[in-house]
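Structure first, commentary second.
The values are calculated or read from the model by the stated rules, or taken from the named source; none is laboratory data. It should be emphasised that the depicted structure is a prediction, and the values quoted were computed from it without experimental measurement. When we count neighbours, we look across all protein chains shown, and the Cβ atoms used for this are built from the backbone with ideal geometry, even at glycine. Heads up: the accessible areas ignore ligands, DNA and RNA and are worked out on the full protein's heavy atoms, side chains in. Shrake-Rupley method; radii C 1.70, N 1.55, O 1.52, S 1.80 Å.
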Amino acid sequence: MKNVLKIFAAVAIVCGLAMPTAQAGNDERRGTAGASELLINPWARSTGWGGVNIANVRGLDAMFNNVAGLAFVKNIEVGYTNTILYGGSKGLNSGASMNTFGLGVRVFDAGVLGVYVMAMSFGEIDVTTYMSPDGQGVAGTFSPSYMNINVAYAHSFTNTIHGGVNIKMITESTDNVSASGFGIDAGIQYVTGENDQLKFGISLKNWGPSMSFGGTGLSLQMVNTAGNNFTVQTRAAEMELPTCLNIGLSYDFFFEKWDQRLTVAGSFTSNAFLRDNYTLGLEYGLLNMVQLRCGYIFQDGLWTGDPATAKNGFCAGASVDIPLSKKEGSNTAITLDYSYQTAAPLKGTHAIGASLKF
């Protein structure tokens, strides 16, 4: 009875938090939210098929896609991913990159505690002024940085129902302007079938209070007609977090020869400040060691040359699991991941990562 009550409580939390997304997919609100980096998946394993694995994501990746999947960490899992965004530091479009480190530890028989840190940088950007509107290093450079720190807990209520909550602290800063805030993610996964081949997941991401910028960069030194110096302080407008609701479904096809598996997955993302996304993906597994995956992210305007974001189109990736112990039943292994995502009209995004399981 207690487990049933916990399940209903988790469902109520997700549904209650999802209420603010009732106007999701409103293209007129595009660009009015802040902290848009919260929509960029920092993990190479799941970006290889567009983050479509809302229903079947497992391990550290789950803290971004659907925190409920963190409950499948067996003992300890440590991971790191480096992502070169939209061409990288030497690309034509971007100097942006992301570094992500995560840790998951089973703390109870049915509970897992996780934490991950994502740091995003943009390289050196020219300062533009009235006298030097093109920058070109005349007035110097600046380097913005974004960071969010996530602390998550996931629990297996039964063998088929898993849920979790993630709390994130958000900071954005330059030399003289900064903003900070926090958000909450929540998610549920349901697993069924004779071989647990059918999975369903739902997650709400980035629900929280508004943020605003502050700092000396918003002040201006002026001189009045009497020759007196004074400071004018500009108050920045508040910006809401980019809340979104994700719904996903996946099905596994198993083949006895060489332990082959083919997973078909689909997901729908209802964005509060962007157009909605539809994603389809495939993952092929061989010998429980090699996984190949691909996906396609669709949104209105993609095929007509008017996408709302660079997160669209084709993506692909691969993973290799290398066992580190010959003992039967041992979970110790290292995993290497790689993914590539198209990002029209910008250059593509590359991610490479590694994780260690004990």
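At-a-glance table
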quantity: Residue match in the range 335-351 (condition: without any contact (Cβ under 8 Å) to a residue 60 or more places away in the chain and part of a loop (DSSP other than H, G, I, E, B)); calculated: yes
quantity: Scope the range 322-358; condition of a type in the set (D, E) and modelled with pLDDT of 95 or more; matching residues; calculated: D337
quantity: Qualifying residue in the range 187-208 (condition: farther than 24 Å from S156 by Cβ and of a type in the set (V, I, T)); calculated: no
quantity: Some residue of the range 182-203 being part of a strand (DSSP E or B), modelled with pLDDT under 95 and small (G, A, S); calculated: no
quantity: Among residues of the range 34-61, those that are hydroxyl-bearing (S, T, Y) and open to solvent by 10 Å² or more (accessible area, probe 1.4 Å), counted; calculated: 1
quantity: Whichever residue in the range 208-229 is polar (S, T, N, Q), part of a loop (DSSP other than H, G, I, E, B) and farther than 17 Å from N176 by Cα and, among such residues, is most open to solvent (accessible area, probe 1.4 Å); calculated: T225
quantity: Every residue from the range 266-298 that is open to solvent by 50 Å² or more (accessible area, probe 1.4 Å), out of contact with any helix residue (DSSP H, G or I) (no Cβ under 7 Å at 6 or more places or on another chain) and among the aliphatic types (A, V, I, L, M); calculated: L280, L282, M289, V290, L292
quantity: Residue, surrounded by the fewest Cβ atoms within 10 Å (Cβ to Cβ), within the range 230-241, restricted to residues that are touching a residue at least 24 places away in the same chain (Cβ under 8 Å) and part of a strand (DSSP E or B); calculated: M239
quantity: Enumeration of residues in the range 242-265 that are open to solvent by less than 20 Å² (accessible area, probe 1.4 Å) and part of a strand (DSSP E or B); calculated: C244, N246, G248, S250, D252, T263, A265
quantity: From K205, K199, residue being more than 18 Å from the chain's Cα centre (by Cα), surrounded by 18 or more Cβ atoms within 10 Å (Cβ to Cβ) and in contact (Cβ under 8 Å) with a residue 60 or more places away in the chain; calculated: K199
quantity: Residue count, the range 106-146 (criterion: open to solvent by 60 Å² or more (accessible area, probe 1.4 Å), touching a strand residue (DSSP E or B) at 6+ places or on another chain (Cβ under 9 Å) and more than 24 Å from F213 (Cα to Cα)); calculated: 8
quantity: Subset of the range 295-321 [small (G, A, S) and either at pLDDT below 90 or under 18 Å from G31 (Cα atoms) (or both)]; calculated: G301, G305, A308, A310, G313
quantity: Given (1) open to solvent by less than 10 Å² (accessible area, probe 1.4 Å); (2) at pLDDT below 95, number of the condition I84 does not satisfy; calculated: (1)
quantity: Pairs where the first residue, in the range 147-165, is open to solvent by 30 Å² or more (accessible area, probe 1.4 Å) and the second is among the aromatic types (F, W, Y) and assigned to a strand (DSSP E or B), C-beta under 7 Å, 6+ apart; calculated: T160/Y190; I161/Y190; V165/Y153
quantity: Residue within the range 125-146 that is within 23 Å of A354 (Cα to Cα), within 18 Å of the chain's Cα centre (by Cα) and not aliphatic (A, V, I, L, M) present; calculated: yes
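Here is a yes/no grid of residues against (1) at pLDDT below 95; (2) in a strand (DSSP E or B); (3) among the β-branched types (V, I, T):
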residue: V115; (1), (2), (3): no, yes, yes
residue: P133; (1), (2), (3): yes, no, no
residue: V138; (1), (2), (3): yes, no, yes
residue: I167; (1), (2), (3): no, yes, yes
